[in-house]
Ligand code: UDX
């Protein structure tokens, strides 16, 4: 099929490359010339495992092109809108200006029978509004939420857990959209990927509901960590024990410095704002608590470090290991790790931060921070070490070797990801979150 993908960020770039890899002819369009130039040369502007190979193969095959010109979308039968919906400045609501601009710019290039597919995460009601804009062109609008996780984006796109089709209300339009979806996703469907075909509102809500649930699960276990901290209980053992109950499940029960990234934090806030607009604010009022618990954990890590430094971080050397919001990503949007580094720096600590991939992005946002070129450099002469992103390389650090380099022998494990026995065995004072 001939496809266009409007917006080549985390979502769009991966979608474009993945669709080309399964045989479709794809043009990716973005307003950022630097991004398009990199992608057109087969270079990934983001750190995402598997993406560089896919991009290069797609570009070399001739099935994957990139452009800054929306006119290049003409001729495609499906147009995927994958632009960002960030949090509005000074509000909890989602900023829909990029979605609106993308759809409006696409309108002159649409033909009757085309399918415009929203993939961005939007407040419920957006699709119905956009469908009215699209209708005069004879194209139809459908919604197709995307559940990819950064770090696993390629595999999540090619082999998703499920597909959700948000189809238009008119049966003839729904049939057009459905046929297009079935064709574009034929490979995933042939392997038995579950499919939920529904209307616009449900499709929009599925995405925010899924993210709200995941955020709630993480904040639940972090709330238990807060209780564990005053009762000498161990939240990791508690998570194991409740996680054995298949109704609960162990995944997303890792207590630590909390969730961040471009999705969970802003999505729960936008959901709250939208529910309030709909007069149902109380239905999701608990998400404010989920957000508050989450933000408290960042402060908790900062407080622990200060406490361990004897009540003040001023002029103490702190090694911060991790800046990305999670491992295998260079993304520092709403990153707990970066917040911890910035917070400690603000207290007058001499922070030396390192992350295997996220330093350039962190530096752009916070040029006042000092960055190391390696974990070893970051920990050299440190009074205390803080791990805030659970990169494999940090989990694999040799406690004895690190002890040779540091001034102090205290490590705060903000992700409960280190081998406690190994660190304590090597003479370290190990402090986890929600653990004795
Ligand atoms: C999330 C959703 O998982 C994905 O389906 C959606 O499409 C986009 O948002 P992502 O933001 O890539 O994906 O990251 P995810 O793996 O969900 O992690 C989110 C945050 O939660 C990270 O900061 C992670 O460190 C944190 N987390 C996750 C925990 O603190 N504890 C856990 O047990 C799991």
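Please treat every number below as a calculation from the coordinates, not as lab data. Treat the numbers as computed from the prediction; the structure is a model and nothing was measured. Ideal geometry is used to build each Cβ from the backbone, glycine not excepted, and the neighbour counts take in all protein chains shown.
The lone criterion from (1) touching a residue at least 24 places away in the same chain (Cβ under 8 Å); (2) surrounded by fewer than 21 Cβ atoms within 10 Å (Cβ to Cβ); (3) touching a helix residue (DSSP H, G or I) at 6+ places or on another chain (Cβ under 9 Å); (4) assigned to a helix (DSSP H, G or I) left unmet by residue 103 is number (2). Here residue 305 fulfils each of the conditions (1) in contact with a strand residue (DSSP E or B) (Cβ under 7 Å, 6 or more places away or on another chain); (2) part of a loop (DSSP other than H, G, I, E, B); (3) more than 17 Å from residue 390 (Cα to Cα) apart from (2). Scan region 274-303 for residues that are within 21 Å of the chain's Cα centre (by Cα), away from the ligand (no atom under 16 Å from the Cβ) and surrounded by 19 or more Cβ atoms within 10 Å (Cβ to Cβ) and jot them down. Passing the criteria: only 274. A residue that is assigned to a loop (DSSP other than H, G, I, E, B), within 11 Å of the ligand (Cβ to nearest atom) and crowded, with 16+ Cβ neighbours inside 10 Å occurs nowhere in region 210-227.
Filtered by the rule that a residue be surrounded by 14 or more Cβ atoms within 10 Å (Cβ to Cβ) and in a loop (DSSP other than H, G, I, E, B), region 405-418 gives 406, 408, 409, 414, 415, 416, 417, 418.
On inspection, residue 207 fails the criterion of being near the ligand (Cβ under 10 Å from one of its atoms), touching a residue at least 24 places away in the same chain (Cβ under 8 Å) and out of contact with any helix residue (DSSP H, G or I) (no Cβ under 8 Å at 6 or more places or on another chain). Going through region 237-258 one residue at a time, which ones are surrounded by 17 or more Cβ atoms within 10 Å (Cβ to Cβ) and either away from the ligand (no atom under 11 Å from the Cβ) or part of a loop (DSSP other than H, G, I, E, B) (or both)? Once the filter is applied, which keeps residues that are surrounded by 17 or more Cβ atoms within 10 Å (Cβ to Cβ) and either away from the ligand (no atom under 11 Å from the Cβ) or part of a loop (DSSP other than H, G, I, E, B) (or both), region 237-258 yields 238, 253, 254, 255, 256, 257, 258.
Of all the residues in region 1-37, those that are assigned to a helix (DSSP H, G or I) and more than 13 Å from residue 67 (Cβ to Cβ) number 11.
For region 392-404, state whether one or more residues are within 23 Å of residue 237 (Cα to Cα) and buried (at least 22 other Cβ atoms within 10 Å of the Cβ). Among the residues of region 392-404, at least one is within 23 Å of residue 237 (Cα to Cα) and buried (at least 22 other Cβ atoms within 10 Å of the Cβ), which makes the answer yes.
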